[in-house]
1. Within the stretch 60-90, take every residue that is assigned to a loop (DSSP other than H, G, I, E, B) and touching a residue at least 24 places away in the same chain (Cβ under 8 Å) and give me the one that is surrounded by the most Cβ atoms within 10 Å (Cβ to Cβ).
2. If you check every pair at least six apart or on different chains, which have Cβ atoms under 7 Å apart with a residue in the stretch 143-167 that is over 21 Å from Val91 (Cβ atoms) and in the same structural domain as Gly14 (by TED's automatic domain parsing) first and a residue that is exposed (fewer than 10 other Cβ atoms within 10 Å of the Cβ) and of a type in the set (D, E, K, R) second?
3. For the stretch 91-109, which residues satisfy the criterion of being under 21 Å from Asn122 (Cα atoms) and surrounded by 10 or more Cβ atoms within 10 Å (Cβ to Cβ)?
4. Got at least one residue in the stretch 27-48 being in the same structural domain as Gly165 (by TED's automatic domain parsing), in contact with a Gly (Cβ under 6 Å, 6 or more places away or on another chain) and at pLDDT 80 or above?
5. Go through (1) in the same structural domain as Ala5 (by TED's automatic domain parsing); (2) over 30 Å from Gln132 (Cβ atoms) and name the single condition Asp72 misses.
6. Being touching a residue at least 24 places away in the same chain (Cβ under 8 Å), exposed (fewer than 13 other Cβ atoms within 10 Å of the Cβ) and more than 30 Å from Tyr129 (Cα to Cα): is that true of Pro18 here?
7. Which of the residues belonging to the stretch 112-151 are of a type in the set (D, E, K, R) and part of a loop (DSSP other than H, G, I, E, B)?
8. Tell me, yes or no, whether the stretch 152-164 has at least one residue that is under 30 Å from Leu20 (Cα atoms), surrounded by fewer than 10 Cβ atoms within 10 Å (Cβ to Cβ) and either at pLDDT below 90 or not hydrophobic (A, V, I, L, M, F, W, C) (or both).
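The values are calculated or read from the model by the stated rules, or taken from the named source; none is laboratory data. It should be emphasised that the depicted structure is a prediction, and the values quoted were computed from it without experimental measurement. Counting neighbours? That spans all protein chains shown, and the Cβs are built from the backbone with ideal geometry, glycine included.
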Amino acid sequence: MALGAAFVDDNGNGRYEPQLDRPDLLGDKTLWTVMNDETPIEQRFPRGGLPIGLEVHLTGWAYQAGSGPLADALFFRYLLVNPGSDTLKSVHFSLFVDGDIGDPTDDLLGSDTSAWFGYFYNREEDLEYARQNLPTPALGVLILQGAVVPSPGDTAYRWHGPLRGVE
């Protein structure tokens, strides 16, 4: 929290105070990390550009087995932070999923773009799962909410979890 993780500001002063405030814990398990683009240029891909210091604050959470329909789901919330003084006029942000299911040579994928949903499945029964007497699973990725960018005249609701509520 003192390093930037989301927290519940019970006294409303905007500062994390461990005796008064509490971490923004979601689900049964919560993780938080920060990523940035400040890797030295010699360690980047050949087409890498100069770093701008952009940060991605990632909160991920999950529920324990036996928690009903959410037990097999992972949730991720991203916050992009530009700590620099330069205005970013165009930012592209995407999600990458390597949807290998058992043997990756027989995996198929599809999408429903109107529902922001992508899915991965097997063409046939997967031997890695069959050996364990398990059904071959499938994987779905659903974007629950897109980017929220303040815009005059627009209204957006952001759910921050059961402790922090709705903004």
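1. Within the stretch 60-90, the match that is surrounded by the most Cβ atoms within 10 Å (Cβ to Cβ) is Tyr63.
2. Cβ pairs passing all conditions: His160/Glu167.
3. Val97, Gly99, Asp100, Ile101, Gly102, Asp103, Pro104, Asp106, Asp107, Leu108, Leu109
4. The answer is yes, given that some residue of the stretch 27-48 is in the same structural domain as Gly165 (by TED's automatic domain parsing), in contact with a Gly (Cβ under 6 Å, 6 or more places away or on another chain) and at pLDDT 80 or above.
5. Every listed condition holds for Asp72 apart from (2).
6. Values: touching a residue at least 24 places away in the same chain (Cβ under 8 Å): no; exposed (fewer than 13 other Cβ atoms within 10 Å of the Cβ): yes; more than 30 Å from Tyr129 (Cα to Cα): yes.
In short, no.
7. Initial filter on the stretch 112-151 (of a type in the set (D, E, K, R)): 112, 123-126, 128, 131.
Passing the criteria: Arg123, Glu124, Glu125, Asp126, Arg131.
8. yes
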